[in-house]
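None of the figures in this text is laboratory data; all of them are computed from the coordinates on show. Just so it is clear, the model here is predicted, and its values are computed rather than measured. Virtual Cβ from ideal backbone geometry, glycine too; neighbours counted across all protein chains shown.
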């Protein structure tokens, strides 16, 4: 990759580079899709969840290969919990289901955009979106 | 956290848990903000970039504490390159600048939503958005 401000592509020279991480757990994910994923050191890709109707960004969660497989094949958004180290199906206990309308992979394979029909609030706090904490942009030229 | 399908919160019992990762590099980021971040094993949070005008999700990149500091204080979206292990200011070479309008942190501190005025294409491939690869949702009930 010769474009300095482009995402990372190609084969990193450092074998400890997290972008070469292998799947962390066994998975039934289609091999052609799995080959395109570029995972964090703990074997995950970021899943950005968007409301299909409004386009609003609702949350970010994490998927390993198997969570992606389950999401694609069940139509129910399924994630990997980093703290509990287990799969969770959104809404299984809260009732705030996410019915998957489409899934797109980004150009360098480390993020997914999941468009869903969201039942109720996406955030466990009761907010519609998880992104309710604004940080101060202090740049003089900020518009 | 007693809600099984909620994001991870609280203090994980396993000290190797990636969500407790410390900053990977020195940073001038405000300590109160830094304290809210819950980083990957390599010290990063996911930054979801959205077009301020259309709401379209353009890309996902990665920020460490210092990249977030620079983004907030310069008004120019700045990321950490996982493969090159260096900071990059979006548009510095491509001219496809991202002028930051707002930044929001999510409820569990592992993702940012950055609203920008995007000049030109966000994706290094020339696509407006990086999410141009649709994956097949094969669930019978997929709508």
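Between copies, residue A:54 shows label-point distances of 2.0 nm, shortest first, with the point placed 7 angstrom from Cα along Cα to C-beta.
Based on C-alpha pairs under 8 angstrom that are at least 6 apart in sequence, segment A:59-143 has a relative contact order of 20 percent. Once both labels are positioned 7 Å from their Cα atoms along Cα-to-Cβ, the gap between residue B:25 and residue A:84 label points is 3.5 nm. Legend: mean number of C-beta atoms from other chains within 10 angstrom of residue C-beta atoms, peptide B:74-85, equals 5.
When its C-alpha radius of gyration is set against 2.2 N^0.38 Å (N residues), segment B:36-128 gives a value of 1.00. Measuring from a point 7 Å out along Cα→Cβ, what nm distances, shortest first, does residue A:84 have to its partners in the other copies? Residue A:84 label point versus its equivalents elsewhere: 4.0 nm. Answer rounded, prolate or oblate for segment A:86-143, using the Cα gyration tensor with square roots of eigenvalues a ≥ b ≥ c: rounded when a/c is under 1.5, else prolate when a/b is larger than b/c, else oblate. Judged from the Cα gyration tensor, segment A:86-143 comes out oblate (a/c at least 1.5, b/c at or above a/b). Give me log10 I(q)/I(0) at q = 0.25, 0.28, 0.29 Å⁻¹ for segment A:41-87, Debye formula, one equal scatterer per alpha-carbon, no solvent. Scattering profile of segment A:41-87, log10 relative to I(0): -0.94, -1.06, -1.10.
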